[in-house]
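Report on one structure; see the data block that follows.
The values are calculated or read from the model by the stated rules, or taken from the named source; none is laboratory data. All of these numbers come straight from a predicted model, not from anything done at the bench. When we count neighbours, we look across all protein chains shown, and the Cβ atoms used for this are built from the backbone with ideal geometry, even at glycine. Accessible surface areas use protein heavy atoms only, side chains included; no ligands, DNA or RNA. Shrake-Rupley method; radii C 1.70, N 1.55, O 1.52, S 1.80 Å.
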Amino acid sequence: MRLQKCCPFDMAAEQKARATYEHLMVLTDDPAIINPLRFLREREIVHFQRFGECLNILQSSMTAGRTLNMSPASNPCADM
């Protein structure tokens, strides 16, 4: 099974959310609206980066021939 099909997250969703927040920020000049949108956009950027790092760890584990045990104690992404 390919890793992209079995992973429980969709990195494209993070990018779509980021783009949506950026679009909404362009539509207003109210700091009370822009500041929360800026926070949410930055959060999506961090999520995308962390998911990418986790995906790289999983792919390298699979390439090395190791089996993946996704219990919480052995999750390679748990400490990120």
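Looking at the range 14-34, which of its residues are assigned to a helix (DSSP H, G or I) and open to solvent by less than 50 Å² (accessible area, probe 1.4 Å)?
Across the range 14-34, the qualifying residues are E14, A17, A19, Y21, M25, I34.
Of all residues in the range 36-51, those satisfying the criterion of being surrounded by 16 or more Cβ atoms within 10 Å (Cβ to Cβ) and either basic (K, R) or within 8 Å of the chain's Cα centre (by Cα) (or both) are R41, E44, H47, F48, F51.
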